[in-house]
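The values are calculated or read from the model by the stated rules, or taken from the named source; none is laboratory data. Quantities reported herein were computed from a predicted structural model and do not represent experimental measurements. Counting neighbours? That spans all protein chains shown, and the Cβs are built from the backbone with ideal geometry, glycine included. These accessible areas exclude ligands, DNA and RNA; they are computed on the full protein's heavy atoms, side chains included. Shrake-Rupley method; radii C 1.70, N 1.55, O 1.52, S 1.80 Å.
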Amino acid sequence: LLGASCLALFLHRTHPRVTVVVNAVCATVVIAQGYLLTPLLLAPVMASLYWLATCTERQTIRLYGFATMAALTVAAAVSDSMDHLSLLLRTIGPFFWLLLPLAAGTMTRLRRAYLEATQARAEHAERTREEEARLRVTEERMRIARELHDVVAHHLALANAQAGTAEHLALANPRQTQQILHDLTGTTSSALRELKATLGLLRQTDDEGAPLEPAPGLARLPELVSSCASAGITVTVATEGEPQPLSPGVDLTAFRIVQEALTNVTKHAATQAAHVRFVYDGPRLLITVTDEGPPTAAAPEPVKG
């Protein structure tokens, strides 16, 4: 019977319930035959209970485990081999010997579940970090694309207007034409500098010896007004309220809004004057750009910001 119990242990992974039943029946029959109940006799039953606790759910553990403990405890209580012991000692010993593998198997199962949950959380966090990294890369690409659009559209529009004005005044006013061409050189140089600063963000280098040009802000507004003047657009700037310091991101956004609006004036408005108005209201900044030209069918949509 004990040999059959040991052979049944080979089925503990695929048939843990059958293994427990076989071992419980064999041990009960051996005890009923009058053999002394020892840990060696209980070893196959304890091993089967351990694997049952590690491989099955809680309800199955309670059903098969307590049934096995009850059967062996009753068999030990009525066995003739332990008449010299009290009923308490005959029952409490097998009960706790069989409770031990159930507790150990349950702890092993819980630890295994904890490790699997920890690994699942780590894998989820890794996937989340990768998704966040891809999202940040996408957002950075969109920001750089907007920067390139603003830089190229503004400077090319000004260069086109300056070149057209110079062509128109080439014979009538050579001195003014020379000044416009000089301003055109400054416009293209400024465009190249901003393109270099923007594209420099895409470089993958650890070289810290070549710092990039800082992002433009409202401090460069006089330069923007001057470039528009060389293209034949007179820009007036008015400020209401007390100017407040702006964060780098807001400063750049404000400059780009004015730049885009003046670019649209240069390209689409049939006028020679534009007005920029800043209204500071506490932490808020209201920017208004207007021109005196008549509306046209090809006028672009207003810039919102």
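A single member of 198, 205 is part of a helix (DSSP H, G or I) and modelled with pLDDT under 75, and it is 198. Are any residues in segment 38-97 polar (S, T, N, Q) and modelled with pLDDT of 80 or more, and if so, which ones? Hits for segment 38-97 are 48, 54, 56, 59, 60, 68.
Reported count of residues in segment 228-259, each being out of contact with any Phe, Trp or Tyr (no Cβ under 8 Å at 6 or more places or on another chain), more than 23 Å from residue 271 (Cα to Cα) and not in a helix (DSSP H, G or I), is 3.
A Cβ distance below 8 Å, combined with a sequence gap of six or more or placement on separate chains, defines the contacts here; from segment 226-244, residues that are farther than 25 Å from residue 186 by Cβ reach residues that are assigned to a loop (DSSP other than H, G, I, E, B) in the pairs 244/282; 244/283.
Filtered by the rule that a residue be surrounded by fewer than 15 Cβ atoms within 10 Å (Cβ to Cβ) and either assigned to a helix (DSSP H, G or I) or in contact with a Cys (Cβ under 9 Å, 6 or more places away or on another chain) (or both), segment 161-178 gives 164, 167, 168, 174, 175, 176, 178.
Filtering segment 110-147 to residues that are touching a residue at least 40 places away in the same chain (Cβ under 8 Å) and open to solvent by less than 50 Å² (accessible area, probe 1.4 Å) leaves 144, 147.
Looking across segment 259-276, the residues that are within 20 Å of residue 165 (Cβ to Cβ) and in contact (Cβ under 8 Å) with a residue 60 or more places away in the chain come down to 259, 262, 263, 266, 267.
Restricting attention to segment 286-294, does a residue exist that is at pLDDT below 75 and of a type outside the set (Gly, Ala, Ser)?
Within segment 286-294, one or more residues are at pLDDT below 75 and of a type outside the set (Gly, Ala, Ser).
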